[in-house]
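Student: One structure is given below, represented as structure tokens, and several questions about it will come after.
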Amino acid sequence: MQQLRRAVGCPPGLVISSDACKGLENAVEKIFPKCEYRECMRHLYQKFMKKFHGKVYTDHLYPATRGFTEHKFRWHMQKIFEADPSAIEYLEKHHNRIWYRCAFGVDSKVDYLTNNISESFNKQIKDLKGLNLCELLDRIRELIMVKFNVRRHVGRYLAGIILPEVLKRLNALSKTIGPHKVAWNTEHEAEITLYDVKAYDQRHTVDLKQRTCSCRKFQVSGQPCIHALTFICSMRGANIESFVDEYYSVAKFQAAYAGALPTMTDRTQWEQVDLGFMVYPPVQEKRPPGRPRVQRIRGFLEDPGRKVVKCKKCGRNGHFAKTCNLPPLVIAEPPPMEHTPTKREREMLLQPRRKLWKMTNLSQIIKDRRLLSRRTRRSRRQRRSRRRRRLRK
């Protein structure tokens, strides 16, 4: 943490998000006392569901976290309190960090609830964790160097003011605007009312000059919310790019990846430095029996990732045929059919004649169909012969 403080400092709007383990929590409080300390919601939910189970927690805990306003957060937490007051006491005692959006600051313009960015980085270096420390750091440096080069190359071809992915998301959101009413107050202020199908009208105030909305999503995320987009789309000649925060601009993206990491040779070509003392390798403890564990222990709500084996003898899951003590599974074979219908016969069966589909015997249906076809041919021959007789007379 001290090295991180030397690298980034403690600028205003700094946010640190972690899984709130005790050692990391104490370190962040000591090194970054003025930063906004958030807790990952996925880790909190995983620990919370170990102690409290029920539909009321799954229906109200995450909605309370996603809400940007305080009254929405308190409404969902009240439902949890009515179900079990000890759940609120547990959250206040063991998870007293910021894990709900209504308490997020407006300086960082980040509304993430989880640490998925760090989890994706851990996935990239998953195969490198077994290397020695020096080799591990060198491979991470190489990974970051290549990533910066790719992003720097992408940034050269970006056009416009705002990143295309952000504009694509906002344009898709603007197409979902339903019935609404815009009550103008000034050139930049208005009251936006969205009519819901559940007969619940939501009215919010929007100020485009200050880039604020009463739902707080505009301030926290830095992107126009659905109410601000409704106001912008009602203005003639307005551009959505003008109301997006500069953190999502192409210039900021290019500036973030403008620097380049210095290249390095392998450690066999490094300069030999005389430290004045001998550095011995660490004392290795006695290796425990068995194969060393490579994969981490999965969480409570995570998929175990194991393949389900199936016994070929009894047909059940969870064991092999070699260790199976259950009786073999007997599958009754279907009775053989008297006659396999041909393609012509199947087409005939699809044509409803004289309600023959009510008959169950397939062979009898086929015989009746053939009999009907013979009768129709016979009646046609009889009509032709009668017609010829009349013409002769």
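The values are calculated or read from the model by the stated rules, or taken from the named source; none is laboratory data. Not measured: the values here are computed from a predicted model. In this analysis, Cβ positions are derived from the backbone assuming ideal geometry, glycine residues included, and neighbour counts consider all displayed protein chains. Calculation scope for accessible area: heavy atoms of the full protein, side chains included, ligands and nucleic acids excluded. Shrake-Rupley method; radii C 1.70, N 1.55, O 1.52, S 1.80 Å.
Student: Count neighbours as other Cβ atoms within 10 Å of each site's Cβ, and list the chymotrypsin sites (Phe, Trp or Tyr not before Pro) in the range 136-240 that are DSSP loop with at most 15 such neighbours.
Tutor: Of the chymotrypsin sites (Phe, Trp or Tyr not before Pro), the ones in loops of the range 136-240 whose Cβ has at most 15 other Cβ atoms within 10 Å are TYR157, TYR200.
Student: Dipole magnitude of the range 164-248 about its Cα centre, charges +1 at Lys/Arg Cβ and -1 at Asp/Glu Cβ only, in debye to the nearest 20?
Tutor: Around 240 debye, computed over the range 164-248.
Student: Right, next: Of the heavy-atom accessible surface of the range 1-113 (probe 1.4 angstrom), what whole percent is carbon and sulfur?
Tutor: Carbon with sulfur: 52 percent of the solvent-accessible area.
Student: Taking the mean number of other Cβ atoms within 10 Å as a proxy for protection, how do you rank 63-72, 84-93 from highest to lowest?
Tutor: The most tightly packed comes first, giving 63-72, 84-93.
Student: Same structure, new question: Quick one: compute the contact order of the range 1-41, relative version, from alpha carbon pairs under 8 angstrom and 6+ residues apart, as a percent.
Tutor: Working: 34 pairs, mean separation 22.1, N = 41.
Here the relative contact order equals 54 percent.
Student: Using only the Cα atoms of the range 86-229, construct the convex hull and provide its projected area averaged over every direction, in square nanometres to one decimal.
Tutor: Over every viewing direction, the Cα hull of the range 86-229 projects on average to 14.7 nm².
Student: Could you give me D for the range 1-113, from Stokes-Einstein at 25 °C and 0.890 mPa s, where the hydrodynamic radius is the Kirkwood radius over C-alpha pairs? Units µm² s⁻¹, please.
Tutor: For the chosen part, D equals 162 µm²/s.
Student: Same structure, new question: Of the heavy-atom accessible surface of the range 164-248 (probe 1.4 angstrom), what whole percent is carbon and sulfur?
Tutor: 48
Student: Total Lys pairs in the range 1-113 closer than 15 Å by alpha-carbon, pairs eight or more apart in sequence or interchain only? Working shown, then result.
Tutor: Working: LYS22/LYS30; LYS22/LYS47; LYS22/LYS93; LYS47/LYS93; LYS51/LYS93; LYS55/LYS79.
Eligible lysine pairs with Cα atoms under 15 Å apart amount to 6.
Student: Additional query: Against the globular-protein guess of 2.2 N^0.38 Å, express the Cα radius of gyration of the range 199-284 as a ratio, rounded to two decimals.
Tutor: 2.23
Student: At R0 = 25 Å, how high is the FRET efficiency between ARG293 and ASP19 if r is their beta carbon distance? Nearest 0.05 is fine.
Tutor: My answer for the efficiency is 0.80.
Student: Report the charge-dipole magnitude of the range 1-113 in Debye, nearest 20, computed about the Cα centre from +1 at each Lys and Arg Cβ and -1 at each Asp and Glu Cβ.
Tutor: 260
Student: Next question. Any idea of the accessible area per residue across the range 1-131, 1.4 Å probe, to the nearest Å²?
Tutor: 60
Student: Something else now. In whole angstrom, note down how far apart the Cα centers of the range 163-232 and the range 250-273 are.
Tutor: Value for the Cα centre distance between the two parts: 43 Å.
Student: Using Cα pairs closer than 8 Å and at least 6 residues apart in sequence, work out the relative contact order for the range 1-96, in percent.
Tutor: 22
Student: Next question. Of the listed peptides 76-82, 14-20, 35-41, what is their order by residue-averaged count of other C-beta atoms within 10 Å, with the highest listed first? Provide the component values of the computation, followed by the final result.
Tutor: Numbers: 76-82: 15.9, 14-20: 17.4, 35-41: 20.7.
Listed from highest to lowest mean packing, they are 35-41, 14-20, 76-82.
Student: What number in nm² do you get for the range 164-248 if you take the convex hull of its Cα atoms and divide its surface by four? All intermediate terms of the calculation are to be shown ahead of the outcome.
Tutor: Working: hull surface 22.1 nm².
If I average the Cα hull's projected area over directions, I get 5.5 nm².
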